[in-house]
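Visitor: Here it is, the structure, as structure tokens.
Values in this text are rule-based calculations from the coordinates and carry no lab data. A quick note: this is a predicted structure, and the numbers were derived from the prediction, not measured. Positions of Cβ are generated from backbone atoms using ideal geometry, with glycine treated the same way; all protein chains shown enter the neighbour counts.
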Amino acid sequence: MMAVLAPENHGLRLAVRYLVLILVAAIFVLPLLFMVMSSFKPDAQLLNDTSSLRAFLPVGDLTLENYREAFDRAPVRLFVLNSVLVTGVTVLLALIVCSLAAFAFVYMNWRGRDVVLSIILATLIVPFETIAIPLLLIVSKLPWIGLDGIETTWLNTYRVQIIPWIADGLTVFLFVQYFKDLPGELIEAARVEGASWVQIYWRVVMPLAGPVIATAAILKFLLMYNQYLWPLIVVQQEQYRPVMVGLQYFFQLDTAWGEIMAYLTMITVPVLAFYLVLQRAFIASIASQGVKG
Amino acid sequence: MASKLTQSNRAGWAFALPGFGLIAAFIILPFFFAFGLSLTDQRLVSPNATQFVGLENYRDMLGLGLVTLEPERDEAGEIVRDEDGLPQYPRVRTITRSDEYPQYSGMGEWFSWSSGDTVKVVLASDVVFWRALANTLLFVLIVAPVQAACALGLALLINQRLRGINVFRALYFMPVVVSIVVVSLLWRFIYDGRDGLLNSMLGFLSFGAFEGHDWLGDPATALPAIMAMSIWQAVGFHMVIWLAGLQTISPTLYEAADIEGASKWQRFRYVTWPGLRNTAVLILIVITMQAFALFAQIDVMTNGGPLDSTQTLVFQAVERGYGRQDISGGSTISVVLFLLVLTISLIQRWLTRERK
Amino acid sequence: MKRLLMTSAALTAFGGAAMAQTEISMWYHGAGNQVESDILNGIVSDFNESQSDWTVTVESFPQASYNDSVVAAALAGNLPCIMDVDGPVMPNWAWSGYMQPLSIDEGLIEDFLPGTLGMWDGELYSVGLWDAAVALYARESTLEELGLRRPTLEEPWTGEEFMAALDAARDSGNYEYALDLGMNDQGEWYPYAFLPFLWSHGGSLVDRETYASAEGALNGEAGIEFGEWWQMLFEEGYAPGTSEDPADQTRGFIEGDFAFQWNGNWRAVATMEEVDDVIFLPAPDFGAGNFIGGGSWQFGVSASCPNPEGANAFIEFALQDEYLAAFSDGIGLIPATSSAAAMTENYAEGGPLAVFFDLSNDQARLRPVTPGYVVQSEIFTKAMADIANGADVIDTLDAAVDEIESDIEANQGYGHE
């Protein structure tokens, strides 16, 4: 697209580059801008604006009414806290459990290793929707020993939203790919010096794994934060409900779209914040994945 | 990479066991459970006893037949024609509901074509399943390469040294962090046929020449519309992966290419592309997996319609298992989907294997 | 009612401090609806204070996913004592063994609207404090401007009059669509709102004598005539189709884009606020009578409930006119008795929505009372959407019949004798 311009015309070239970047950015941002702008508009105006470019603009009667009403309609804070809790704990445990497994697959020799790895990779292609009911039947009968003694089911808890989601093929796969690219000499040297496997894992490998940790954490965060079907069927008490189940509170016979937009805007904020915090490490992470060891 | 000389069976299992154990308990076990269900007549809700039915569910779903319809003839043997001169054919149902043809019992018409005066009709015992299968494959075949290519284009676009390029990176990535359910809700307003945002923008850009189109209401555009939205939502993620790949290509290779006097295209073809090989494999695998699992968009936007043009396998698995309370039928789709994707990924792996 | 109050008073006096209260769990579909939740909580606390044997505790669920939650909980063996159930779904849950018949005083429900009583297998399983109704929303000014007769319950529009009204609206050029049917809501709305048109043509979703077959009921002559009429509504541009966006459905009538709207009474109050001269017309009669769907949310008792006496006591308690009226005033639904209707703002004689009470009483017909209904409803919904989108009418109805019948067979007749 630059070829039509004289190469010496730097100013113009630069302007065109930015123009292209901005036009493309508009494609990605406008629908989200529609969401945010709509959250400040009364329903009648919101719905009328969808037929024109006003949908993207902060025009008309702007109000925080939708936000106020959303808080009245549903315990928004509770839902966000539940989601952040479940998501945070799962991400943390997933990083440990999956990296440990990947470490074993890449650096250690043990009987059954290749078979187990193939099986884990095959689970990548099982869509969750298709195993939800069998899984429900399993967790409903699982016992648990907790602080309050023995329980006979996992339903209506945080753990039922966390434990089944800790390990998954994709996260293991990401760690395996990354570990393969780390220089093997480091591990060999540590072995020769008599370091234990745990020491090598914790002192040598994990300090180098920052980038892949960021990638895996973001993917897992998105997956967990957007959970809907699973909490819907295993949680019957409001106190454990996450944000996407909470969204259902807003689909009444008389749907208030402004409130929905306000709710959607609010629940998107934590994800955006999490992403921005990790963005640097994330981009660096994937960058280093291409390096072949 | 692994130390070839030392066996560490106990430590190896100890490290892998938490992960493998959880996957076994919460993915593999329920999957086998689902496989078991697919061999029974289990309903989601029913007081009737469950019976083992073997492969009947698979037969009922996969069964295909081909019949040839002869045009109807009057007593003189002349073909009966309607006002437009088109020959008249017997209704397919006279065959599928007839005791004469037990092999076609319960089947329906999937598609048909004319050959001469006769019409060939492909019958399927589960027409919606076959349509869902065809749509899913079409979705994967189009979305995987297009999304990968768009992502690469974006990666090339933002792999420039410009002030503020990080801001654009973040903006392009934004849709990824928004839930697909939320995105689907928003895009229903965008695709609305009466006064949706897309129509009004196209009308604006064409100075009113564009009349408006009912994107999700037209069987010809519903699936493409969902494809476009899905690509829009996910492309930022793959862009970042490509970008990472681009940044690993050594600058000295480009310098060498410049010395040789390579054109822009040649630079891409002989330096950039070979350097992105591994990235390409990773991206293709991830996109393919995601595309096969297409569900939320359909559930929110079209419910499989209009006229089954957006039915997909996972949507059908859920619709049957929950909506129609046919949990064994839903499980059967899951198993078929698993085998299908497994086959495809084995082929993909074979095609992209590293030739020595 | 008196007897009940006396009983509970006696229980209070008698039970007193002797026994600890037993907890009775209850699930309700009203999460996210503040008004509705407040009324229900009011009834619950009244009940808890009125006696000392039972304490009812409520867990609310969002309506949109309520049925999925209940089925999942039933599979996992985790149902509450008192559950809220959508009328047409009840036979499925009763047949599956999730519910037990009610044992409440029949005198209490004598005057209840027919649509509020959930009968299965000859027994009462559920009872509702209200019913819902559908009417043809119109403006008085529209009727005048188009020169149309105002239909009444005694003399509803015939099919021809109805089509003439749509033609007049379309030809006037004042409306984007003559009629809005709410086609974007592809859920229970379809059978609830559109089965009455099929009935009025003389067809039926399944054979309502045996519930064993749909052949000839859905795809018979009447069914095909209905299907062709249905398709014509969209082909000729009278009504927006399945891709209508939710915003248009909510605002279209109020903004004057639609001349008529086929809509539920739960939208009536909000519409009256914005449209001064809105009127609610009865369903047209296409030859075989004029109908609307009956049966809304009702209370029942789960089979696994360890204290059915407590559960039944609560349901009896909730059936008081005072509460029926409170729900009606709060969320605009039709109170189950005429005595409660008299206490409400909208349904009292001469009230703006009184017509709905009569609609419900005279026109309401239950959706098929069979455990298979939950599946048949999905099949019907898909068939209606497909026909609206141009699928061959006869093929589609035939295919729907085949599906319904194979489902009935797979469920061994759903327990009908």
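Visitor: Using R₀ = 22 Å, calculate the FRET efficiency as 1/(1 + (r/R₀)^6) where r is the Cβ-Cβ separation of residue A:92 and residue B:281; round to 0.05.
Guide: Using R0 = 22 Å, I get an efficiency of 0.15.
Visitor: Further, regarding this structure: Against the longest alpha carbon principal axis of chain B, how many degrees, from 0 to 90 and to the nearest 10, is the axis of helix B:219-248 turned?
Guide: 20
Visitor: If we count other beta carbons within 10 Å of each Cβ, what is the order of A:160, B:176, A:243, fewest first?
Guide: The most exposed by this proxy come first: B:176, A:160, A:243.
Visitor: What's the average, rounded to a whole number, of partner chain beta-carbon atoms within 10 Å of each residue's beta-carbon in C:375-386?
Guide: 3
Visitor: What's the center-to-center distance, using Cα atoms, between region B:300-353 and region A:214-233 in Å?
Guide: Going from one Cα centre to the other spans 21 Å.
Visitor: Next question, about the same structure. Students often check this: by mean Cβ neighbours within 10 Å, which of B:278-289, A:91-102, B:244-255 ranks highest, and how do the rest follow?
Guide: A:91-102, B:278-289, B:244-255
Visitor: I want to check the label-to-label distance for residue B:81 and residue A:148. Put each point 7 Å from Cα in the C-beta direction and report it in nm to one decimal.
Guide: In this crude spin-label approximation the distance works out to 8.1 nm.
Visitor: Then there is this: Within the set of other residues whose C-beta is less than 15 Å from the C-beta of residue B:87, count the net charge using Lys and Arg as +1 and Asp and Glu as -1.
Guide: Here the count lands on -4.
Visitor: Just how far, in whole angstrom, is region C:93-112 from region A:53-112 if you go by their alpha carbon centroids?
Guide: 43
Visitor: Right, another one. Please give the net charge around residue C:25, taking every other residue with its beta carbon less than 14 angstrom from that of residue C:25, where Lys and Arg add +1 and Asp and Glu add -1.
Guide: -4
Visitor: Using alpha carbons only, how many degrees (0 to 90, rounded to 10) separate the axis of helix C:393-410 from the longest principal axis of chain C?
Guide: 20
Visitor: Long-range amide H contacts for residue C:129: which residues qualify at under 5 Å (H placed 1.01 Å from N, peptide plane, sequence gap of 5 or more or a different chain)?
Guide: HN-HN under 5 Å from residue C:129: C:299.
Visitor: Another question about this same structure. Round to a whole angstrom and tell me the spacing of the C-alpha centers of region B:146-224 and region A:234-254.
Guide: Answer, in whole Å: 29.
Visitor: Can you compute the modelled spin-label distance between residue B:268 and residue A:63, with each label point 7 Å from Cα toward Cβ, in nm?
Guide: 5.2
Visitor: Turning to a different aspect of this structure: Relative to the longest principal axis of chain C, what angle (0 to 90°, nearest 10) does the C-alpha long axis of helix C:373-388 take?
Guide: Result, in degrees: 20.
Visitor: In whole percent, what relative contact order does region A:1-63 give with Cα contacts below 8 Å and a gap of six or more residues?
Guide: It rounds to 29 percent for region A:1-63.
Visitor: Skipping prolines and chain starts, which residues have an amide H placed within reach, meaning under 5 Å, of the one on residue C:59, given they are 5 or more residues away or on another chain?
Guide: Placed amide hydrogens put C:26, C:27, C:28 under 5 Å from residue C:59.
Visitor: Using the 4.7 Å Cβ rule, please list in number order the cysteines from the protein assembly as shown without any candidate partner.
Guide: Lone cysteines by the Cβ rule: A:98, B:150.
Visitor: Based on the Cβ-Cβ distance from residue B:142 to residue B:56, what FRET efficiency comes out when R0 is 45 Å, to the nearest 0.05?
Guide: 0.85
Visitor: Could you size up the charge dipole of chain C around its Cα centre, putting +1 on the beta carbon of Lys and Arg and -1 on that of Asp and Glu, and report it in debye to the nearest 20?
Guide: 1140
Visitor: Among C:91, C:156, C:282, which one shows the biggest mean-square fluctuation in a GNM of chain C, springs joining Cα atoms closer than 10 Å?
Guide: With Cα springs under 10 Å in chain C, the top fluctuation among C:91, C:156, C:282 is at C:156.
Visitor: Across the residues of A:132-144, average count of Cβ atoms on other protein chains within 10 Å?
Guide: Averaged over the peptide's residues, the number is 6.
Visitor: Taking each residue in B:46-55, count the Cβ atoms of any other chain within 10 Å of its Cβ, then average. What number comes out?
Guide: That average works out to 3.
Visitor: Among B:20, B:168, B:139, which one shows the biggest mean-square fluctuation in a GNM of chain B, springs joining Cα atoms closer than 10 Å?
Guide: Result: B:20 has the largest fluctuation of those listed.
Visitor: Follow-up question, since we're still on this one. Based on the Cβ-Cβ distance from residue A:27 to residue B:252, what FRET efficiency comes out when R0 is 30 Å, to the nearest 0.05?
Guide: Numbers: r = 35 Å, r/R0 = 1.18.
So, using R0 = 30 Å, E works out to roughly 0.25.
Visitor: Given the DSSP H assignment, sum -39500 (n - 2.57) over each helix run of at least 4 residues in the protein assembly as shown and divide by its residue total; what's the result at 222 nm in deg cm²/dmol, nearest 500?
Guide: Taken over the protein assembly as shown, the calculation gives -16500 deg cm²/dmol.
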